[in-house]
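K.L.:
Next up is a structure, given as structure tokens.
The values are calculated or read from the model by the stated rules, or taken from the named source; none is laboratory data. Quick caveat: nothing in here was measured; it's all calculated off a predicted structure. For neighbour counting, all protein chains shown are included, and Cβ atoms are generated from backbone atoms with ideal geometry for every residue, glycine included.
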């Protein structure tokens, strides 16, 4: 990122993004290789920060061992900031000067597709609850990059909306997972059979968020995935729409067993009677609040959707 900043300063003589956008077209004609290098450094640096394949390897290790509130913040908020930075600089500042020199959008579409599939496949292979959630973040960020690179207003709306929805859903999942681990001391998936008898509130919140990640109607994740699919169809890339639909099936493969075995599974060690969670209020209240947000924004998606549509409109018609 610093190398990209240095090269952009050398090209434009300043770091004000608006003024830099005005200076780059002329400089790009004179020094195209410098602009390509700056854009490449930018994509790699911000790709690492936002866990874009193949630059994602740090995320599962970091998110799985961090305290659950920190994991919720990292996965729900922090990785998304760098997507916005990439969007602002790559499209807003570098713009056509850069995109005409390098197949940036095609590369981003490929990496996003691979992120979606490999993130989901690695999540299926995990035996640790939080590590599974971390790999899920890699896949979900792939949706966002796919929507941005599809380069039409509907898909862009879906990408922006998915940033919001995923923040709620993944924060719910990590906090609920933290509540389960805090009460049981277990994080291995095979040891969470029947955990719903002991942690019904935490597992219920986890279940709602998991359904949202799959994209079940009535949950927060459905609307953003719908816009992504429609945007891909409008953009003449039905293959990408199938990528999203197939990846939702993969999401179900690793989320639903946790829910089903947690509520309906039985083992020698599991509780046989339901009783309320024994969690501190400081953990219980955020879990319940975020779970309700999952339902609220699933049943009434208008507030974030209108905002996402306005952002997409401004970007496509006034922002570049």
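K.L.:
Considering only residues of segment 249-278 that are at pLDDT below 85 and under 28 Å from the mean Cα position of the chain (by Cα), which is surrounded by the fewest Cβ atoms within 10 Å (Cβ to Cβ)?
P.N.:
Of segment 249-278, the ones at pLDDT below 85 are 262-278.
Next, from what is left, pick out any that are under 28 Å from the mean Cα position of the chain (by Cα): 262-263.
On the way: 262: 25, 263: 16.
Filtering segment 249-278 for residues that are at pLDDT below 85 and under 28 Å from the mean Cα position of the chain (by Cα), the one surrounded by the fewest Cβ atoms within 10 Å (Cβ to Cβ) comes out as 263.
K.L.:
Take the residues of segment 1-53 that are in a loop (DSSP other than H, G, I, E, B), more than 32 Å from the chain's Cα centre (by Cα) and at negative phi: which is surrounded by the most Cβ atoms within 10 Å (Cβ to Cβ)? It would help to see each step written out before you state the result.
P.N.:
Start the filter on segment 1-53 by keeping residues that are in a loop (DSSP other than H, G, I, E, B), which leaves 1, 13-16, 31, 50-53.
Pick out the ones that are also more than 32 Å from the chain's Cα centre (by Cα) and you get 13-14, 31.
Those left that are additionally at negative phi: 14, 31.
Numbers: 14: 13, 31: 16.
Looking at residues that are in a loop (DSSP other than H, G, I, E, B), more than 32 Å from the chain's Cα centre (by Cα) and at negative phi, I get 31.
K.L.:
Helices (runs of 4 or more DSSP H) wholly in segment 199-313 with at least 2 residues that are over 20 Å from residue 133 (Cα atoms) - which ones? Let's see the steps before the verdict.
P.N.:
Numbers: elements: 200-214, 220-234, 238-264, 281-299.
Once the helices (runs of 4 or more DSSP H) in segment 199-313 are filtered for at least 2 residues that are over 20 Å from residue 133 (Cα atoms), what remains is 220-234, 238-264, 281-299.
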